[in-house]
1. State yes or no: is residue 31 over 16 Å from residue 151 (Cβ atoms), buried (at least 16 other Cβ atoms within 10 Å of the Cβ) and touching a strand residue (DSSP E or B) at 6+ places or on another chain (Cβ under 6 Å)?
2. Looking at region 126-133, is at least one residue touching a strand residue (DSSP E or B) at 6+ places or on another chain (Cβ under 8 Å), in a loop (DSSP other than H, G, I, E, B), farther than 17 Å from residue 4 by Cα and modelled with pLDDT of 95 or more?
3. Would you check which residues across region 117-141 are farther than 12 Å from residue 103 by Cβ, touching a helix residue (DSSP H, G or I) at 6+ places or on another chain (Cβ under 9 Å) and free of Cβ contacts under 8 Å to residues at least 12 places away in the same chain and list them?
4. Scan region 80-92 residue by residue and report those that are loosely packed, with under 12 Cβ neighbours inside 10 Å and either in contact (Cβ under 8 Å) with a residue 12 or more places away in the chain or within 25 Å of residue 15 (Cβ to Cβ) (or both).
5. Out of all the residues in region 1-46, which are more than 30 Å from residue 122 (Cβ to Cβ), assigned to a loop (DSSP other than H, G, I, E, B) and touching a helix residue (DSSP H, G or I) at 6+ places or on another chain (Cβ under 7 Å)?
6. Looking only at region 93-116, decide whether some residue is surrounded by 18 or more Cβ atoms within 10 Å (Cβ to Cβ), over 25 Å from residue 7 (Cβ atoms) and either modelled with pLDDT under 95 or in contact with a helix residue (DSSP H, G or I) (Cβ under 9 Å, 6 or more places away or on another chain) (or both).
7. When you look at residue 51, is it touching a residue at least 24 places away in the same chain (Cβ under 8 Å) and at negative phi, yes or no?
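The values are calculated or read from the model by the stated rules, or taken from the named source; none is laboratory data. For clarity, every value in this text was computed on a predicted model and none was experimentally measured. With ideal geometry, Cβ positions are generated from the backbone for all residues, glycine too; neighbour counts draw on all protein chains shown.
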């Protein structure tokens, strides 16, 4: 499976790899060496913690490299003011709850649902992309559950570097 990412996503991943390799890795190695110097490694929590942090850093670097190597780079299509596109902020009316909510449609790498950034591959992202202002859309969560939303506003967005990539 290939992730569809933008050139900005790729750039941000490369920047993170550079930071983790040139700045964070030497710090973590230094911390590990200092912890190793404390003595008995079998009962040395500082050593285990430092080793775990260094391994997490290596794992994140490997993950980002795999993402870059397998990504399909996409261009952000310009859509008119009445059509939902990637990076647009959309105001929805949730019929079942009789309330409004806002979300921004982003690439998978920038998904942060708790802060209103939903992936274009998510059920709501797939349902909204390409739809028009005023459309009533059914969001299919799975084979047994879907819910209706109405597109009330579309605020055009752009692929800029202010949107962070997710990390763990």
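1. Criteria not met by residue 31.
2. Looking through region 126-133, at least one residue is touching a strand residue (DSSP E or B) at 6+ places or on another chain (Cβ under 8 Å), in a loop (DSSP other than H, G, I, E, B), farther than 17 Å from residue 4 by Cα and modelled with pLDDT of 95 or more.
3. Passing the criteria: only 138.
4. Across region 80-92, the qualifying residue is only 81.
5. 38, 44
6. Looking through region 93-116, none of the residues is surrounded by 18 or more Cβ atoms within 10 Å (Cβ to Cβ), over 25 Å from residue 7 (Cβ atoms) and either modelled with pLDDT under 95 or in contact with a helix residue (DSSP H, G or I) (Cβ under 9 Å, 6 or more places away or on another chain) (or both).
7. Criteria not met by residue 51.
Conditions (1) touching a residue at least 12 places away in the same chain (Cβ under 8 Å); (2) on the phi < 0 side of the Ramachandran plot; (3) in a strand (DSSP E or B), marked per residue:
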residue	(1), (2), (3)
59	no, yes, no
62	no, yes, no
68	yes, yes, no
78	no, yes, no
96	yes, yes, no
100	yes, yes, yes
109	yes, yes, no
